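Visitor: First, the structure itself, so that you have it in front of you.
Coordinate-derived values only; no laboratory data. These figures come from a predicted structure and were not determined experimentally. Glycine also receives a Cβ, built like all others from the backbone with ideal geometry; neighbour counts cover every protein chain displayed.
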Amino acid sequence: MLAEIQKLIDNYFYWLKERTTIRQIDDWVEITTPYLDRHNDYTHIYAKNEKGGFILTDNGYTIQDLKLSGCDLDSKRRKMLLETTLNGFGVKRNNDTLLINATLQNFSLQKHNIIQAILAVNDLFYLASPMVANLFLEDVTSWLDSYDIRYTPNLKFTGKSGYDHKFDFIIPKSRVQPERIIRVINHPNRDAVTGMIYSWIDTKNVRPVDSKAYAFLNDTQNQTLTKAVEALRSVEVKSVLWSKRNLIRDELAA
């Protein structure tokens with residue numbers, strides 16, 4: 001068993017060496033690794049001699065790519081998640097650039113650390129859908145708070161079927177508006193929209209007769225949500241496109 005594991009480790013190092021290429025770009029050396037990013041492209045890092053050692057960096061690609069893809073990293077919680085992840089690998093952030101210092105003795109380790117940090121940041125903010133959903137939920141929460149819209153978060157209602165259904169916010173009845181129930185949908189695909197439709201159909205009969213349902217839809221990635229909006233409207237769920245959220249502000253604040 002020990003010999004078999006050692007052979008697997010040796011094969012891994014052989015694969016890593018054979019699939020790693022380098023080329024000179026001015027004062028930098030571009031290192032192309034066999035690790036794939038979320039675009040299925042090879043991950044690149046850049047190395048440069050500095051003060052008797054080396055600096056290794058992603059040249060700003062990782063964070064800039066996330067920003068261009070609509071992943072905002074400016075909120076307090078996201079900054080904390082990002083810094084915690086980078087600190088775990090000893091990687092620093094200079095604006096959008098990830099970097100780490102290395103010596104001759106620890107070059108391989110530091111190269112490994114910055115590559116793992118790049119992959120972890122991508123996983124944290126883009127590949128792990130529950131985390132991404134939580135981040136969009138944070139955006140909605142911050143928006144509600146910014147306009148002093150009162151709410152109770154994270155509630156479950158038992159529907160007519162006996163099954164529980166989770167909603168993200170409930171805004172209590174006021175003198176001018178009935179109870180308002182909200183679910184946040186980060187990826188408004190067919191499954192998510194169908195889930196909201198079923199939850200509301202099963203729940204509406206156990207709530208006050210004039211209760212309203214809203215679905216906040218993240219349209220930062222997909223601007224064409226006509227089918228989702230129409231499907232939700234068919235069961236009297238009001239869609240709130242994130243890009244047009246201020247149109248509904250007064251209705252929720254009342």
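Visitor: Working only with C-alpha atoms, what are the Rg and Dmax values of the chain, expressed in angstrom?
Guide: That works out to 24.1, 75 Å for Rg and Dmax.
Visitor: Follow-up. Among DSSP beta bridges whose residues both lie in region 108-254, state the antiparallel percentage, nearest 5.
Guide: The antiparallel fraction comes to roughly 45 percent.
Visitor: Find the relative contact order for region 150-190 and round it to a whole percent, using C-alpha pairs within less than 8 Å whose residues are 6+ positions apart.
Guide: 31
Visitor: Can you tally the net charge around Thr194? Count Lys and Arg as +1, Asp and Glu as -1, for every other residue whose Cβ sits under 15 Å from the Cβ of Thr194.
Guide: That sum, taken over residues with Cβ under 15 Å, equals +1.
Visitor: Turning to a different aspect of this structure: What is the local net charge at Asp210, summed over the other residues whose Cβ is closer than 12 Å to its Cβ (Lys, Arg +1; Asp, Glu -1)?
Guide: Residues close to Asp210 contribute a combined charge of +3.
Visitor: Also: Rounded to the nearest 0.05, what FRET efficiency is calculated for Asn59 and Thr84 with R0 set to 30 Å and r the Cβ-Cβ distance?
Guide: 0.85
Visitor: For Arg38 and Gln221 in one chain, what is 0.36 nm times their gap in residues minus the Cα-Cα distance, to one decimal in nm?
Guide: Between Arg38 and Gln221, full extension yields 64.3 nm more.
Visitor: Next question, about the same structure. Considering only DSSP beta bridges where both residues belong to the chain, give the percentage that are antiparallel (nearest 5).
Guide: So the antiparallel bridges amount to about 75 percent of the total.
Visitor: Could you give me the ³J(HN,Hα) list for region 110-121, computed from phi with Karplus coefficients 6.51, -1.76, 1.60 and θ = phi - 60°, whole Hz, x at Gly and Pro?
Guide: Once θ is set to phi - 60°, the couplings for region 110-121 become 5, 4, 4, 5, 6, 5, 5, 5, 4, 5, 5, 5 Hz.
Visitor: Same structure, new question: Per the helix-only calculation at 222 nm, which mean residue ellipticity applies to the chain, given -39500 (n - 2.57) for every DSSP H run of n ≥ 4 and division by its residues, nearest 500 deg cm²/dmol?
Guide: Calculated mean residue ellipticity at 222 nm is -12500 deg cm²/dmol.
Visitor: Hey, another quick one. Sequence-distant or interchain residues sharing an amide H contact under 5 Å with Gly60, placed H: which?
Guide: Result for Gly60 returns Leu98.
Visitor: Let me ask you something else. Around Ile25, with a cut-off of 15 angstrom between Cβ atoms, what is the net charge of the other residues, counting Lys and Arg +1 and Asp and Glu -1?
Guide: Net charge around Ile25: -2.
Visitor: Assuming R0 = 35 Å, can you tell me the calculated FRET efficiency for the pair His112 and Thr194, based on Cβ-Cβ distance, to the nearest 0.05?
Guide: The pair His112/Thr194 has a calculated efficiency of 0.20.
Visitor: Considering region 1-92, what Rg and Dmax in Å follow from its alpha-carbon atoms?
Guide: Rg and Dmax of region 1-92, Cα atoms, are 16.9, 49 Å.
Visitor: Could you please rank Glu236, Glu30, Glu4, placing first whichever residue has the fewest other Cβ atoms within 10 Å of its Cβ?
Guide: Ascending number of Cβ neighbours within 10 Å: Glu4, Glu236, Glu30.
Visitor: Something else about it: Name all residues of region 90-104 having a backbone nitrogen under 18 Å from the label point set 7 Å from the Cα of Lys51 along its Cα→Cβ direction, giving them as ranges.
Guide: Taking a point 7 Å out along Cα→Cβ of Lys51, the residues of region 90-104 whose backbone N falls under 18 Å are 90-95, 98-104.
Visitor: Determine, from the Cβ-Cβ distance of Asp123 and Asn101 and an R0 of 30 Å, the FRET efficiency 1/(1 + (r/R0)^6), rounded to the nearest 0.05.
Guide: With a Förster radius of 30 Å, E is 0.80.
Visitor: List every residue whose amide H lies under 5 Å from the amide H of Leu241, counting only residues 5 or more places away in sequence or on a different chain, with H placed 1.01 Å from N in the peptide plane.
Guide: Leu217
Visitor: Also, quick follow-up: Go through region 241-248 residue by residue and turn each phi into a ³J(HN,Hα) via Karplus (6.51, -1.76, 1.60, θ = phi - 60°); whole Hz please, and just put x for glycine and proline.
Guide: 5, 4, 5, 10, 4, 5, 5, 9
Visitor: Is region 163-254 rounded, prolate or oblate when judged by the Cα gyration tensor, a ≥ b ≥ c being the square roots of its eigenvalues, rounded requiring a/c under 1.5 and prolate requiring a/b larger than b/c?
Guide: Because a/c hits 1.5 or more and a/b fails to exceed b/c, region 163-254 counts as oblate.
Visitor: Could you derive backbone 3J(HN,Hα) for region 83-95 from the dihedral phi with the Karplus parameters 6.51, -1.76 and 1.60 (θ = phi - 60°), listing whole Hz in sequence and x where the residue is Gly or Pro?
Guide: 5, 4, 5, 5, 4, x, 10, x, 9, 9, 10, 10, 6
Visitor: Next question. Could you state the angle between the C-alpha long axis of helix 129-146 and the longest principal axis of the C-alpha atoms of the chain, as a value from 0 to 90 degrees rounded to the nearest 10?
Guide: 60
Visitor: Could you work out how much longer the chain between Ser69 and Asp26 gets when fully extended? Use 0.36 nm per residue separation minus the Cα distance between them, nm to one decimal.
Guide: Roughly 12.6 nm would be gained on extension.
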